Amino acid sequence: MVLEGLLLLAIVSVITFAPITPLVATGLSLLALCVILSGVRLIMQMAPPFVPTTMRHVQKMIAFADIRKGEHVYDLGCGDGRLLIAAAQKGALATGYEWSLPTLLLAKIRTRKYPTITVRRADFWEQDYRDADVIFCYLLIDKMAIFEKEIWPMLKQGTRVVSHMFPMPAVKPAKREGAVILYVKH
Ligand SMILES: C[S@@+](CC[C@H](N)C(=O)[O-])C[C@H]1O[C@@H](n2cnc3c(N)ncnc32)[C@H](O)[C@@H]1O
């Protein structure tokens, strides 16, 4: 929401104060509308906001994930793409879904030099994870309950789910250290 606010402020300032053509003003107004809509969507669905995982925790999540070259790694709500970058550096084919427009742009910019990273503007609840080897989550407690019900059952045997902070209600973790929790699908 903070990023949405800053981007909106920047767009409104440009439209108000910069000498721009009506066509550019229309384009910027449409962009502003998209930013407002993605903010409204976050609020309406009480979705996890963009709070990045600290680099210390990123390192721990990567260690827990034990990524091998060529594995499919997903980050559910990839934020600025930091987990995707760390996973790609381990040789993963990393995919991030993010629906907040400013956060998505940030992720696109940060990951542009990594050909094995894909960042898509999409709702992560609506994706297929049957080929996932590793899934990263930094969601909220109620969202982990939905994850357990809707995504966990579709995962193949051996998939590792590494959650920052929030556990699944019923599945027993394979390992937990501080805020980082590892699950392995059997
Ligand atoms: C707590 S942040 C975590 C960011 C990143 N995974 C990390 O650990 O640094 C959660 C992110 O999920 C995004 N998000 C929330 N619900 C989403 C959904 N249904 N589909 C796609 N992105 C979503 C938010 O915009 C936010 O950037």
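The values are calculated or read from the model by the stated rules, or taken from the named source; none is laboratory data. Every value quoted in this text rests on a predicted model; they were computed, and no experiment measured them. All Cβ positions, glycine included, derive from the backbone under ideal geometry; neighbour counts span all protein chains shown.
Which condition breaks for GLN45 when tested against (1) near the ligand (Cβ under 9 Å from one of its atoms); (2) surrounded by fewer than 14 Cβ atoms within 10 Å (Cβ to Cβ); (3) at pLDDT 95 or above? Of (1) near the ligand (Cβ under 9 Å from one of its atoms); (2) surrounded by fewer than 14 Cβ atoms within 10 Å (Cβ to Cβ); (3) at pLDDT 95 or above, only one is false for GLN45: (3). Regarding VAL119, is this residue among the β-branched types (Val, Ile, Thr) and within 21 Å of ALA63 (Cα to Cα)? The answer is no for VAL119.
Looking only at residues of the range 75-100 that are modelled with pLDDT of 95 or more, of a type in the set (Gly, Ala, Ser) and within 9 Å of the ligand (Cβ to nearest atom), we find that the one that is nearest to the chain's Cα centre (by Cα) is GLY77. Taken as a whole, the range 138-158 holds no residue that is surrounded by 20 or more Cβ atoms within 10 Å (Cβ to Cβ) and of a type in the set (S, T, N, Q). When you look at VAL171, is it part of a loop (DSSP other than H, G, I, E, B) and either under 20 Å from LEU83 (Cβ atoms) or aliphatic (A, V, I, L, M) (or both), yes or no? Yes; evaluated as a whole, the condition is true for this residue. Put simply, of GLY81, GLY158 the only residue that is out of contact with any helix residue (DSSP H, G or I) (no Cβ under 6 Å at 6 or more places or on another chain) and under 23 Å from LYS69 (Cβ atoms) is GLY158.
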